[in-house]
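What follows is one structure encoded as structure tokens, with my remarks underneath.
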Amino acid sequence: MEKGDSWVNDLFIEKSDLFLRILDNMWDRAERDVDSLVRLFKKYGISKSSRILEIGCGNGRILINLAKKGFKNLSGIDISPAFIEDAKRKMSTHNVSDINFYVGDVRTLDKLFKEDEFDVILSVWTSILGYYDSKTDKEILYKCWKIASEDSYLLFVNTANRDFITNLRSLGCRGPFYSDYGDFAIIEKTDFDYVSSYTSTRWLFYEKLEDGSLKFIDKVEIKLRLYSIHEVIEMAESAGWSFIDAFRSLDMLDTFLPTLSPLNMVFKKMKK
Ligand SMILES: C[S@@+](CC[C@H](N)C(=O)[O-])C[C@H]1O[C@@H](n2cnc3c(N)ncnc32)[C@H](O)[C@@H]1O
């Protein structure tokens with residue numbers, strides 16, 4: 001069994017109601033995230049009619065907010081039926097239509113979509129990359145390449161960066177961390193194996209009771225392969241993508257500094 005199969009299934013499918021609460025919380029920053037994404041789109045001439053696919057789209061906060069800004073050819077794929085169902089529900093509450101939401105596994109992208117079907121393939125907030133192993137990640141990047149049009153872009157936004165995370169850990173930022181989501185809370189503890197470059201994160205979910213105390217609900221273990229920028233470039237280039245640029249912040253589009261931010265990376269499809 002590949003590394004991601006078990007925890008991906010656990011967190012996003014079996015216990016989707018727990019992660020859905022986190023996704024719902026991320027909607028608070030969706031408009032801001034989309035504003036910075038649009039800044040990046042403008043820099044590379046990605047227009048409102050570009051055919052955009054978000055891989056691991058969750059419950060649609062990015063695509064629905066892009067649609068609200070007038071983007072027309074939007075598609076999203078996610079392995080979790082519950083998240084896609086919620087994305088479709090949210091489409092109508094946000095008064096947008098015409099986003100194609102699919103339940104599916106990115107590892108079979110080339111079976112779900114045709115060649116030349118998208119101009120932009122987008123991954124936001126550590127979606128997919130690092131969930132499985134480097135061989136699978138490379139295959140996924142190649143499948144993205146197969147369904148992408150000539151001169152298309154592959155974008156990784158706000159994606160886990162090994163150098164940034166190891167820097168934080170060396171500064172003593174190792175947790176456990178407590179995150180308050182209003183009516184529930186998560187205690188998170190991460191171990192990092194420098195040799196394999198996998199993190200093991202344990203999330204303990206708690207319900208917040210009226211008297212302020214916490215009642216344990218469930219736990220999930222996440223195993224994520226962390227990459228440094230040069231490793232992502234190497235994998236993507238071997239799958240047919242040419243590295244164009246990387247940024248520290250999408251608000252400023254300033255120079256990427258390896259130890260100071262997640263990965264915000266732009267690739268362009270190489271000619272055959
Ligand atoms: C961290 S969430 C990000 C959601 C969304 N991109 C956002 O920014 O709100 C990662 C998403 O990837 C999805 N995912 C994980 N493995 C997948 C796979 N093999 N194929 C498709 N989606 C997958 C999960 O169900 C989850 O919704």
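Read the figures in this text as sums done on the coordinates, not as results from a lab. No experiment lies behind these values; they were computed from the predicted model shown. Counting neighbours? That spans all protein chains shown, and the Cβs are built from the backbone with ideal geometry, glycine included.
Short-range pairs are left out: with C-alpha atoms under 8 Å and at least six residues apart, the relative contact order of the stretch 75-151 is 34 percent. Computed from the C-beta positions of VAL195 and ARG21 and an R0 of 35 Å, the FRET efficiency is 0.55 to the nearest 0.05. Listed values for the stretch 52-64 are Karplus-derived 3J(HN,Hα) couplings in whole Hz (6.51 cos²θ - 1.76 cosθ + 1.60, θ = phi - 60°), namely 10, 10, 9, 8, x, 7, x, 9, x, 4, 6, 5, 5, and x replaces Gly and Pro.
Mean separation of Cα pairs under 8 Å and 6+ residues apart, divided by the residue count of the chain: what relative contact order is that in percent? Computed value for the chain: 18 percent relative contact order. Note on ASP110, ASP33: ascending count of other Cβ atoms within 10 Å places them as ASP110, ASP33, the fewest first. With 0.36 nm allotted per residue and the present C-alpha distance subtracted, the GLU231-THR93 stretch has 45.6 nm of extension available.
Maximal additional length on extending the SER242-ARG202 stretch stands at 10.9 nm, based on 0.36 nm per residue less the C-alpha distance.
Using the Cβ-Cβ distance between LEU209 and LEU171 with R0 set to 41 Å, the FRET efficiency from 1/(1 + (r/R0)^6) comes to roughly 0.75. Both radii were evaluated on the Cα set of the stretch 164-225; the Rg over Rh quotient, with Rh as the Kirkwood radius, amounts to 1.07. Cross-link partners for LYS215 among the lysines, with Cα-Cα distance under 28 Å and sequence neighbours closer than 8 places in the same chain left out: LYS15, LYS189, LYS223. Across the stretch 71-76, coupling constants 3J(HN,Hα) worked out from phi with the 6.51/-1.76/1.60 Karplus curve, θ = phi - 60°, read 6, 10, 10, 10, 9, x Hz, and Gly and Pro carry x.
Full extension of the chain segment joining LYS146 with ASP218 gains 22.0 nm, where the gain is 0.36 nm per residue of separation less the Cα-Cα distance. Which pairs break 22 Å Cα to Cα here: LYS69/LYS268; LYS135/LYS269; LYS42/LYS269? LYS69/LYS268, as the Cα separations exceed 22 Å there. Amide H to amide H, with H built 1.01 Å from N, TYR102 comes under 5 Å of GLY76, ILE77, ASP78, counting only residues 5 or more places away or on other chains. If eta is 1.306 mPa s and T is 10 °C, what Stokes-Einstein diffusion coefficient results for the chain, Kirkwood Rh from Cα pairs, in µm²/s? Estimated diffusion coefficient is 83 µm²/s.
Please report the antiparallel percentage of DSSP beta bridges with both residues in the chain, rounded to the nearest 5. Around 65 percent antiparallel, to the nearest 5. 3J(HN,Hα) along the stretch 9-16, derived from phi through the Karplus expression 6.51 cos²θ - 1.76 cosθ + 1.60 where θ = phi - 60°, amounts to 4, 5, 6, 9, 10, 4, 10, 4 Hz, with x in place of Gly and Pro.
Over the residues of the chain, the helix contribution to mean residue ellipticity at 222 nm works out to -9500 deg cm²/dmol, using -39500 (n - 2.57) for each DSSP H run of at least 4.
Pairs of Cα atoms nearer than 8 Å and 6+ residues apart set the relative contact order; for the stretch 116-238 it is 25 percent.
Taking other C-beta atoms within 10 Å as the exposure proxy, VAL124, VAL96 rank VAL96, VAL124 from fewest upward.
Relative protection proxy for 71-79, 230-238, 252-260, 85-93, from highest mean packing down: 71-79, 230-238, 85-93, 252-260 (other beta-carbon atoms within 10 angstrom).
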